[in-house]
Amino acid sequence: MTSTVPPAGRPAGGLPPITMVGPDFPFPYDDYLGHAAGLGQIPATAHGTEVAVIGGGLSGIVTAYELMKMGLKPVVYEADQIGGRLRTVGFDGCDPGLRAEMGAMRFPPSSTSLQHYIDLVGLQTRPFPNPLSPATPSTVVDLKGESHYARTLDDLPQVYRDVADAWQRCLDEGAEFGDMNEALRTRDIPRIREIWARLVERLDDQTFYGFLAGSEAFRSFKHREIFGQVGFGTGGWDTDFPNSILEIL
Ligand SMILES: Cc1cc2nc3c(=O)[nH]c(=O)nc-3n(C[C@H](O)[C@H](O)[C@H](O)COP(=O)(O)OP(=O)(O)OC[C@H]3O[C@@H](n4cnc5c(N)ncnc54)[C@H](O)[C@@H]3O)c2cc1C
């Protein structure tokens, strides 16, 4: 399991971290987790009542755990394998150290609720080797037969920095990204709702590609093409171009 190290509270002199994007945007679920009263209470007369939990993926297991803590008796029904889409498997007859992730393996530090359960069961995490990240010894970008070896964005030709700037500008201008981040940092839920409602109304029928192409920052086809093939974070995004921009956001 891989993750970036979660920020511990507000960095000295800096902005508070964004910690409420997942899983229950825009609800700060970790506030409930941290609350002395727990997630809720069940009258003592109902303690021991069986509750069916359908599905033994992460959601089902966490649900069962929390129900149990409340004094109920969850029974998990799993049609296939416990773990669902969050499962690590080994291979018969192979080195026991050889493992494959059958689903999720990257968890942003903003997912503090997930981190709560990761800590609870004592799982170890380590930074994910995203392209150009400090955890990555090197990144090779190979586009149309031209290879560039880089440790940071500054090692790449100017056009890549222009594409990165265009994406940032496009988000700021078209998706109120700066304001949304600020609202998330300060956990200003009315403000988050207000911004999101506006975005839903404006971008409801917009694709990811349409969002880029309609932006002044991404006027150049070449820049959109590089963005689609090289992308940000984990790599290219052009296979996601037909998807809704709201889903991407
Ligand atoms: C390839 C891949 C990569 C991913 N990468 C990431 C990532 O890097 N980071 C990230 O955060 N997320 C990632 N995800 C998403 C993440 O894995 C899921 O969001 C998460 O595991 C979902 O958990 P869940 O418990 O809600 O659902 P699931 O894990 O899908 O669990 C549902 C369970 O219910 C069972 N079930 C369904 N119907 C029934 C039924 N009728 N009766 C009994 N059991 C039933 C299923 O068999 C399954 O085990 C990835 C997913 C995939 C597939």
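Going by accessible surface with a 1.4 Å probe and the largest first, 245, 54 read 54, 245.
Under a 1.4 angstrom probe, counting protein chains only, how are 241, 91, 177 ranked by accessible area, largest first? Could the numbers behind the result be given before it?
Details: 241 25, 91 100, 177 60 Å².
Result, largest first: 91, 177, 241.
With contributions of -39500 (n - 2.57) from each DSSP H run of at least four residues, the per-residue ellipticity at 222 nm computed over the chain stands at -10500 deg cm²/dmol. Is region 2-120 rounded, prolate or oblate when judged by the Cα gyration tensor, a ≥ b ≥ c being the square roots of its eigenvalues, rounded requiring a/c under 1.5 and prolate requiring a/b larger than b/c? Oblate, because a/c is 1.5 or more while a/b does not exceed b/c. Can you compute log10 of I(q)/I(0) for the chain with the Debye formula, treating each Cα as one identical point scatterer, at q = 0.09, 0.14, 0.15, 0.16 Å⁻¹? Treating every Cα as an identical point scatterer, log10 I(q)/I(0) equals -0.55, -1.22, -1.33, -1.41. Comparing mean-square fluctuations of 143, 199, 58 from a GNM of the chain with C-alpha springs under 10 Å, the top value falls on 143. Note on region 2-120: antiparallel DSSP beta bridges, both residues inside, total approximately 25 percent of the bridges counted.
About its Cα centre, the dipole of the chain is roughly 460 debye, where the only charges are +1 on Lys and Arg Cβ and -1 on Asp and Glu Cβ. Surface composition of region 60-104: carbon and sulfur make up 56 percent of the accessible area, probe 1.4 Å.
Looking only at the chain, where both bridge partners belong to it, what percent of the DSSP beta bridges are antiparallel (to the nearest 5)?
Numbers: 10 of 18 bridges.
Looking only at bridges with both residues in the chain, the antiparallel portion is about 55 percent.
In the chain, Cα pairs under 8 Å separated by at least six residues give a relative contact order of 19 percent.
Remark on region 139-248: Rg and Dmax equal 15.4, 49 Å (Cα only). Going by accessible surface with a 1.4 Å probe and the largest first, 207, 88, 139, 239 read 239, 88, 207, 139. Ordering 184, 244, 90 by Cα displacement along the dipole of the chain toward the positive end leaves 90 in first place; charges were set at the Cβ atoms of Lys, Arg (+1) and Asp, Glu (-1). Between the residues 208, 175, 46, the greatest Cα displacement towards the positive end of the dipole of the chain, with unit charges on the Cβ of Lys, Arg, Asp and Glu, is found for 46. The amide H of residue 53, built 1.01 Å from its N in the peptide plane, has 75, 76, 77 as neighbours under 5 Å, considering only residues 5 or more places off or on other chains.
Highest average first, the peptides 170-176, 151-157 ordered by how many other beta carbon atoms sit within 10 Å of their residues are 170-176, 151-157. Phi angles of region 142-149 translate, via the Karplus equation with coefficients 6.51, -1.76, 1.60 and θ = phi - 60°, into HN-Hα couplings of 10, 10, 6, x, 9, 9, 10, 9 Hz per residue; Gly and Pro are given as x.
The values are calculated or read from the model by the stated rules, or taken from the named source; none is laboratory data. Keep in mind it's a predicted model, so treat the numbers as computed, not measured. Cβ atoms come from the backbone with ideal geometry, glycine included; neighbour counts cover every protein chain shown. Note: areas computed on protein heavy atoms with side chains; ligands, DNA, RNA excluded. Shrake-Rupley method; radii C 1.70, N 1.55, O 1.52, S 1.80 Å.
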